[in-house]
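Each remark here refers to the structure printed beneath this line.
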Amino acid sequence: MIYNFSAGPAVLPKEVLQQAAAEMLDWHGSGMSVMEMSHRGPEFSVILAEALADLRELLAVPESYEILFMQGGAIAENALVPLNLAGLSSTGQPATFDYVCTGSWSLKSIKEAGRYGHAHVAADMLATAGDQQSAAIPDRAAWQLSQEAVYVHICANETIDGIEYQNAPEVTAPLVADMSSSLLSRVINVADYGVIYAGAQKNIGPAGLTIVIVRKDLLGYALPHCPSAFNWQTVASHGSMYNTPPTYAIYIAGLVFKWLKRRGGVAVMEQVNIAKAKLLYDYLDASTLFENRVRPDCRSRMNIPFFLRDEALNQPFLKAAGDHGLLQLKGHSSVGGMRASVYNAMPIEGVQALVSFMQEFELLSGLS
Ligand SMILES: *Cc1c(COP(=O)(O)O)cnc(C)c1O
């Protein structure tokens, strides 16, 4: 048995891959693979419409929001957020954007936004985290938000650092959230946000699809030089078909949405995700060999970084894990250590197998 703990592109539900394999050469008797179809033909129109409707249902997205299927990933959206919203500024250009820095991905968003206006860091975990042993989201009360900011940006789940908001913070300006590694892993209230964006390849589907959920009253404020194919209003008015969408990635994401619905939806999935994360964190907190360095109330359910207190054991650990079929546990190069990504498609059996292996490894390392 193989369990793949990759942070992204990541594990997909086996049933989805089996169905895609069965339909690979001939989708529903059409005689064509989805990859070969016109994106404007009747077959793909059904695939797209169902994917949009299923995603809207799964997240209970209100009618006052558009769902866009785009390309370019979250890194492109880091630029497209300011490019599409800067026109909201009442003080003229350059506009001011508020950012909360909670780790590697929000830092990247800040640097990109600074190219299109004034990216103000309202709170910075990296600056205030004196105690490296317990990283945490800066207290909401300490955020220095700007009066004139057109939006407040957060990274809902820091995929590399393993830090996750448990609730949407209350702010006055529209809240913009990068949910690349947490969308559909937990129940959210979409109405708390102005914009939600996510690359699909962590928790949803293949790389190539980018999801943007945007409140309709925020459309129409793009800077004049925003490329048409990346102008949210243009994409919305063309039903995500202004340019050729990533058809196969949308098809697979659509199968994942149906898989989620069969499993009982996001609320049921959230309970499984809580149980999976608890299993691993409880073990880490009790261990004398391994440790997690995030304050418990800010810990990610999707990406769980951990360190071996004896760094010399890193390589032997990864080797032994691989021998047990536990793959891609090496942490991101910028933080080192290990990381287990336990997205929706990771069954609880995978986390049980990981914890049993770690217990065994800890026991053996104590004997030598
Ligand atoms: C992976 C990831 C990104 C980068 O996504 P791309 O698809 O490579 O652009 C950005 N933000 C978060 C939170 C991520 O997990």
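What follows is calculated from the coordinates using simple rules that are stated; it is not laboratory data. All figures in this text were calculated on a predicted structure; none of them were measured in a lab. Cβ atoms come from the backbone with ideal geometry, glycine included; neighbour counts cover every protein chain shown.
From the square roots a ≥ b ≥ c of the eigenvalues of the alpha-carbon gyration tensor of the stretch 130-200, which class results: rounded (a/c under 1.5), prolate (a/b over b/c), or oblate? Oblate, since a/c reaches 1.5 and b/c is not below a/b. The HN-Hα couplings worked out from phi for the stretch 194-202 by the Karplus form 6.51 cos²θ - 1.76 cosθ + 1.60 (θ = phi - 60°) are x, 9, 10, 9, 7, x, 7, 6, 9 Hz, whole numbers, x standing for Gly and Pro.
Taking the Kirkwood radius as Rh and the Cα radius of gyration as Rg, the stretch 1-157 has a ratio of Rg/Rh equal to 1.08.
A crude spin-label estimate for the pair residue 327 and residue 359, with each label 7 Å from Cα along the Cβ direction, gives 2.6 nm. Annotation: average projected area of the chain is 18.6 square nanometres, based on the convex hull of Cα atoms across all directions. Take every pair of alpha-carbon atoms less than 8 Å apart whose residues are at least six positions apart; their mean separation over the length of the stretch 273-368 yields a relative contact order of 31 percent. With bins 5 Å wide beginning at 0, the percent of Cα pairs of the stretch 176-252 falling in each bin runs 3, 15, 22, 23, 22, 12, 3, 0. Based on DSSP H segments of at least four residues, each scored -39500 (n - 2.57), the chain has a per-residue ellipticity at 222 nm of -11000 deg cm²/dmol. Which shape class applies to the stretch 131-287: rounded if a/c is under 1.5, otherwise prolate when a/b exceeds b/c and oblate if not, where a ≥ b ≥ c are the square roots of the Cα gyration tensor eigenvalues? Because a/c hits 1.5 or more and a/b fails to exceed b/c, the stretch 131-287 counts as oblate. Between residue 244 and residue 216, full extension at 0.36 nm per residue minus the direct alpha carbon distance yields a gain of 7.8 nm.
Taking trypsin sites (Lys or Arg not before Pro) in DSSP loop states with no more than 15 other Cβ atoms inside 10 Å as exposed sites, the chain has its longest site-free stretch at 116-262. Rounded, prolate or oblate: which one fits the stretch 20-76, using the alpha carbon gyration tensor with axes a ≥ b ≥ c (rounded when a/c is under 1.5, else prolate when a/b beats b/c, else oblate)? Prolate, because a/c is 1.5 or more and a/b exceeds b/c. By the rule of a C-alpha distance below 23 Å, with chain neighbours fewer than 8 residues away ignored, the lysines paired with residue 319 are 330.
Approximating the spin labels as points 7 Å out from Cα along Cα→Cβ, the residue 14-to-residue 64 distance works out to 4.4 nm. Computed from the C-beta positions of residue 207 and residue 45, the FRET efficiency with R₀ = 30 Å rounds to 0.80. In terms of the mean number of neighbouring beta-carbon atoms within 10 Å, the peptides 156-162, 84-90 order highest first as 156-162, 84-90. For the set 202/261; 111/216; 108/202; 258/278; 14/202, the pairs lying more than 22 angstrom apart at their alpha carbons are 111/216; 258/278. Over the chain, Cα pairs under 8 Å with separation of 6+ residues give a relative contact order of 23 percent. If I require 24 Å or longer along the helix axis, counting alpha carbons, and a Kyte-Doolittle average no lower than -1.0, what helices from the chain are left? Use full DSSP H segments. Within the chain the helices that satisfy the rule are 42-59, 266-286, 348-367.
Were the residues from residue 90 through residue 167 laid out at 0.36 nm apart, the gain over their Cα-Cα distance would be 24.8 nm.
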